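Notes for the one structure printed next.
What follows is calculated from the coordinates using simple rules that are stated; it is not laboratory data. Keep in mind the model is a prediction, meaning the values are calculated, not measured. Cβ placement follows ideal geometry from the backbone for every residue including glycine, while neighbour counts extend to all protein chains displayed.
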Amino acid sequence: MAHFDSVNPSVPGANDNASGVAAVLEAARICSRYTFAYTIRFLAVGAEEIGLVGSYHYAQDAKAKGRNIVVAVNGDMLGYPIVGDINRIYISAGSKCAAFMDSALVYNRRYNLNFLVDGQIGGLGGSDHESFIEAGYPAVDISEGTAFEIWNGMDPYYHSSFDTSDKLNADLLRHCAQMMLAITTEMARPLASLAGSR
Ligand SMILES: [Zn+2]
C-alpha cells in the first residue's frame, strides 16, 4: 500500500509519495509471475495528507466485512537518504506487530539484503498503516526515516515544491521496495512460479 495524493498541487510529490506507489506497482509486476496461498492486494490509497482518509475507509470497510488481513505493508517516502546511508531503511510497526519487525530482520539475512534495518515498535507513524492498526489489523510502515526525522527537517524537500525525482536515490528506493516485497510475499506464502508459463 502507498498513498498517491500529494500534500497540495504545488508539491510534485516524487518522494511523498510517488516513491511508495512505484514500489507497489513494481511489487505487483513481480508478484504477477507467482501464485500465493493468500490473496495479495496492491493498494494505492487517496487523501493520506488530509488525515489518512482513504486508508481509514478501506480498513474500516474491511473490518465491517470481517476480512482477515494478515498484515498491511505500507510504504511512504522511500527515496531520500535522510541520514546519508542508502542501506538504512526504517520500519515502524504497531505495538502488537513486533513479530513483523523480527521477520524483517530474518528476511534481511535470508535474501542477503544486508540493509541496516532500523525501527521502532509502537512508535510514531503518521501514515496509512495507522488506519489498519486502528481497525485492529497488524500493519507496518517502511520509510527512509522516522516521522520525527522527517517532520523535523532532515528531509529538506519534504512537502516542498522541490520534491522532484532528481532528489531520489534509486538504490534506497529499491531497498525499501525490496523489504516491502519480502514482508508481503513471505506472509502470502508463495506456492509456485508462473514464470515458465509466460
Ligand atoms: Zn506521505
Out of the residues in the stretch 1-11 meeting the condition of being within 13 Å of the ligand (Cβ to nearest atom) and of a type outside the set (A, V, I, L, M, F, W, C), tell me which one is surrounded by the most Cβ atoms within 10 Å (Cβ to Cβ). His3
Name the helices (runs of 4 or more DSSP H) wholly inside the stretch 23-134 in which the number of residues that are within 16 Å of the ligand (Cβ to nearest atom) and not basic (Lys, Arg) is 3 or more. 53-64, 129-134
So in the stretch 12-31, with the set limited to residues that are surrounded by fewer than 17 Cβ atoms within 10 Å (Cβ to Cβ) and without any contact (Cβ under 8 Å) to a residue 24 or more places away in the chain, which one is nearest to Gly51 (Cα to Cα)? Leu25
Does any residue in the stretch 37-66 that is of a type in the set (A, V, I, L, M) come within less than 6 Å, Cβ to Cβ, of a residue that is loosely packed, with under 15 Cβ neighbours inside 10 Å and part of a loop (DSSP other than H, G, I, E, B) six or more places away or on a different chain, and which pairs are these? Ala37/Arg189
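I want to confirm something. Restricting to the stretch 1-50 and keeping residues that are among the charged types (D, E, K, R) and more than 21 Å from Pro81 (Cα to Cα), which single residue is farthest from the chain's Cα centre (by Cα)? Step through it out loud before you land on a result.
If we filter the stretch 1-50 for residues that are among the charged types (D, E, K, R), which is where we start, we get 5, 16, 26, 29, 33, 41, 48-49.
Filter once more, so that each one left must be more than 21 Å from Pro81 (Cα to Cα): 5, 29, 33, 41, 48-49.
On the way: Asp5: 15, Arg29: 16, Arg33: 21, Arg41: 13, Glu48: 13, Glu49: 15 Å.
Among them, the one singled out is Arg33.
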Got at least one residue in the stretch 104-111 being within 23 Å of Arg189 (Cα to Cα) and in contact with a Pro (Cβ under 7 Å, 6 or more places away or on another chain)? no
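So that you can scan it fast, the table gives a plain yes or no per residue for (1) on the phi < 0 side of the Ramachandran plot; (2) in contact (Cβ under 8 Å) with a residue 60 or more places away in the chain:
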| residue | (1), (2) |
| --- | --- |
| Tyr107 | yes, yes |
| Phe132 | yes, yes |
| Ala139 | yes, yes |
| Gly153 | no, no |
| Asp171 | yes, yes |
| Arg174 | yes, no |
| Ala182 | yes, yes |
| Thr185 | yes, yes |
